[in-house]
1. Looking only at residues that are among the polar types (S, T, N, Q) and touching a Gly at 6+ places or on another chain (Cβ under 7 Å) in segment 68-106, which one is farthest from Gly28 (Cα to Cα)?
2. Take segment 34-49 and flag every residue that is farther than 20 Å from Arg134 by Cβ and either modelled with pLDDT of 90 or more or in contact with a His (Cβ under 6 Å, 6 or more places away or on another chain) (or both).
3. What tally of residues in segment 79-94 results from selecting those that are at pLDDT 90 or above and among the acidic types (Asp, Glu)?
4. Are any residues in segment 30-74 among the charged types (D, E, K, R) and more than 18 Å from the chain's Cα centre (by Cα), and if so, which ones?
5. Determine the pairs where a residue that is in contact (Cβ under 8 Å) with a residue 12 or more places away in the chain, located within segment 31-51, has a partner that is charged (D, E, K, R) and in a strand (DSSP E or B) with Cβ atoms under 6 Å apart, the partner being 6 or more residues away or on another chain.
6. Just a yes or no: is a residue in segment 86-104 surrounded by fewer than 12 Cβ atoms within 10 Å (Cβ to Cβ) and more than 13 Å from the chain's Cα centre (by Cα)?
Amino acid sequence: MSKSAPLKANPFKYKIQHVKKGRRLYGGIVTFDDGRKCYIAYRKQEEIFRHGCSSISEAIRDGKAAWAFDIDTILEMRAKGIKAMGVIVRETGDIWMTKIEWLTDSTKAKVLNYSARGGALQRYLPLRFFWRKRGKLILKPA
């Protein structure tokens, strides 16, 4: 009987260059050992945009749930040659990835301006345009 090699937890080697605005950490540019790059934003589950729905579940059911990215960030990442952007959900470790071209496509992503409320000009891309990789949910005792 031959022994098989142990499985690695993460077969990809990568480096992360954090992206900050002031003191706030927004995400990171992940560079894999083969040279590919992507941008990952760090978000909480509650930051899924709901388009007026009362809950995330309702927004998902109605097809209105979306992740938002600042237009400045999208343009900066595109200028750096990055072809994919995504979100890692802090609570669950879920990773949602999409093509940067879909974020700039006006038929797929809506533009909303919340700069009057202290926000920024952003593009909102519905969840159906993302690939999702489930993370590991860690339950903490009460």
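The values are calculated or read from the model by the stated rules, or taken from the named source; none is laboratory data. None of these values were measured; they are calculated from a predicted model. Methodologically, a virtual Cβ is constructed for each residue, glycine included, from the backbone with ideal geometry; neighbour enumeration extends over all protein chains shown.
1. Step one: list which residues in segment 68-106 are among the polar types (S, T, N, Q), which gives 73, 92, 98, 104, 106.
Pick out the ones that are also touching a Gly at 6+ places or on another chain (Cβ under 7 Å) and you get 92, 98.
On the way: Thr92: 18, Thr98: 15 Å.
Filtering segment 68-106 for residues that are among the polar types (S, T, N, Q) and touching a Gly at 6+ places or on another chain (Cβ under 7 Å), the one farthest from Gly28 (Cα to Cα) comes out as Thr92.
2. First pass over segment 34-49, keeping only residues farther than 20 Å from Arg134 by Cβ: 34-37, 39, 49.
Residues satisfying the conditions are Lys37, Tyr39, Phe49.
3. Filtering segment 79-94 for residues at pLDDT 90 or above gives 79-89, 94.
Those still in the list that are among the acidic types (Asp, Glu) too: 94.
Result for segment 79-94: 1.
4. Scanning segment 30-74 gives Asp33, Asp34, Glu58, Arg61, Asp62.
5. Correct list of pairs: Thr31/Lys15; Thr31/Lys37.
6. Yes, the conditions are met somewhere in segment 86-104.
Condition check ((1) modelled with pLDDT of 95 or more; (2) under 21 Å from Val19 (Cα atoms); (3) of a type in the set (D, E, K, R)) across all residues:
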{"position": "Phe32", "(1), (2), (3)": "no, yes, no"}
{"position": "Met77", "(1), (2), (3)": "no, yes, no"}
{"position": "Lys99", "(1), (2), (3)": "yes, yes, yes"}
{"position": "Lys108", "(1), (2), (3)": "no, no, yes"}
{"position": "Ala120", "(1), (2), (3)": "no, yes, no"}
